[in-house]
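**Q** The structure that follows is given in the form of structure tokens.
The values are calculated or read from the model by the stated rules, or taken from the named source; none is laboratory data. Keep in mind that this is a model prediction, so the values were computed, not measured. Every residue, glycine among them, receives a Cβ derived from its backbone with ideal geometry; neighbour counts consider all protein chains shown. Heads up: the accessible areas ignore ligands, DNA and RNA and are worked out on the full protein's heavy atoms, side chains in. Shrake-Rupley method; radii C 1.70, N 1.55, O 1.52, S 1.80 Å.
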Amino acid sequence: EAGDPEDQLADIINDAAHRGGNIVIPTFAIERALELVYHIGRLVHSDRIPNLRVYLDSPMAVDVTQVFRDLRSYMDDQAHRLFTEGTPPLRFPGLKLVRSVDDSKAINTVCSPKVIMSTSGMCTAGRIKHHLRANISRADSTILFVGYQGQGTLGRHILNGAPEVRIHGRQHAVRARIAQIHGFSAHADRDDLLHWLSHFKEAPRHLFLTHGEENAAPALAT
């Protein structure tokens, strides 16, 4: 997808809601989930998407959300204005913070269109696999990726267009719409990493590249 990430998010949610399906978003619990809650909240407060139930299904993400809410004194002036204007950034109608296993299981018994954000971000483990199993073969649902999917992960297989994928020991046909938004990534790119290194007063004797794909790491090393 191209363009403003929030506009893309609105288009994808509206499309799935119009088709009567769900939007399943594999997400990382720390900050990425909160960033999504913030942007979905903006869309809700501005009436750019319909009134949907939005589930944040991750105990860790729920804990982090509460930390952000408790530390409002550290927020900048723009965030404080959102609270005084009645549109707090991490609260909006329809948002459900899910902690227990039973509440997580109950999400997929709700028939109306909904947004489900759950971990893990690359679909390798955790509650997201249950939500994928319930939605990936539904043509009216959408699987939305907002983060990098490493080689060999379930998320990467889905994103690469696999016709079927293995979840919990069973093969599932991929009939859901597969979408991706790049603008939510918070990771530094090549230029940012080199800029960071340029501030060392003495160059490190050894530099280890441990996080990246095999074809990209040697290029960065060079």
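**Q** Any idea how many residues of region 86-110 are among the β-branched types (Val, Ile, Thr), in contact with a helix residue (DSSP H, G or I) (Cβ under 8 Å, 6 or more places away or on another chain) and either open to solvent by 90 Å² or more (accessible area, probe 1.4 Å) or part of a loop (DSSP other than H, G, I, E, B) (or both)?
**A** Final tally of qualifying residues: 1.
**Q** Can you work out which of the residues in region 163-194 that are within 19 Å of the chain's Cα centre (by Cα) and β-branched (Val, Ile, Thr) is nearest to residue 37 (Cα to Cα)?
**A** 181
**Q** Additional query: Condition first: among the aromatic types (Phe, Trp, Tyr), surrounded by 10 or more Cβ atoms within 10 Å (Cβ to Cβ) and over 23 Å from residue 160 (Cβ atoms). Now tell me which residues in region 173-222 satisfy that.
**A** 196
**Q** Hey, another quick one. Within the bounds of region 129-144, is there any residue that is on the phi > 0 side of the Ramachandran plot and part of a loop (DSSP other than H, G, I, E, B)?
**A** Checked against the condition, which is being on the phi > 0 side of the Ramachandran plot and part of a loop (DSSP other than H, G, I, E, B), region 129-144 yields no hits at all.
**Q** If the requirement is being surrounded by fewer than 18 Cβ atoms within 10 Å (Cβ to Cβ), in a helix (DSSP H, G or I), over 17 Å from the mean Cα position of the chain (by Cα) and modelled with pLDDT of 85 or more, which of these qualifies: 7, 15, 47?
**A** The conditions single out 15.
**Q** Considering only residues that are outside any helix (DSSP H, G or I) and over 22 Å from residue 100 (Cα atoms), look in region 50-85 and name the one that is most open to solvent (accessible area, probe 1.4 Å).
**A** 51
**Q** Read through the list (1) open to solvent by 30 Å² or more (accessible area, probe 1.4 Å); (2) touching a His at 6+ places or on another chain (Cβ under 7 Å); (3) not aliphatic (A, V, I, L, M), then give the number of the only condition that residue 170 fails.
**A** That leaves (2) as the condition not met.
**Q** Residues 33, 29: which one is touching a strand residue (DSSP E or B) at 6+ places or on another chain (Cβ under 8 Å), surrounded by 15 or more Cβ atoms within 10 Å (Cβ to Cβ) and modelled with pLDDT under 95?
**A** 33
**Q** Please tell me if residue 126 is open to solvent by 20 Å² or more (accessible area, probe 1.4 Å) and free of Cβ contacts under 8 Å to residues at least 12 places away in the same chain.
**A** no
**Q** While we're looking at this one, here's another question. For region 47-62, indicate whether the set of residues that are under 24 Å from residue 120 (Cα atoms) and of a type in the set (Asp, Glu) is non-empty.
**A** Yes, because at least one residue in region 47-62 is under 24 Å from residue 120 (Cα atoms) and of a type in the set (Asp, Glu).
**Q** Only one of 62, 37, 101 is in contact with a Phe, Trp or Tyr (Cβ under 9 Å, 6 or more places away or on another chain) and either of a type in the set (Val, Ile, Thr) or more than 24 Å from residue 134 (Cα to Cα) (or both). Can you tell me which?
**A** Result: 37 is the single residue among 62, 37, 101 that is in contact with a Phe, Trp or Tyr (Cβ under 9 Å, 6 or more places away or on another chain) and either of a type in the set (Val, Ile, Thr) or more than 24 Å from residue 134 (Cα to Cα) (or both).
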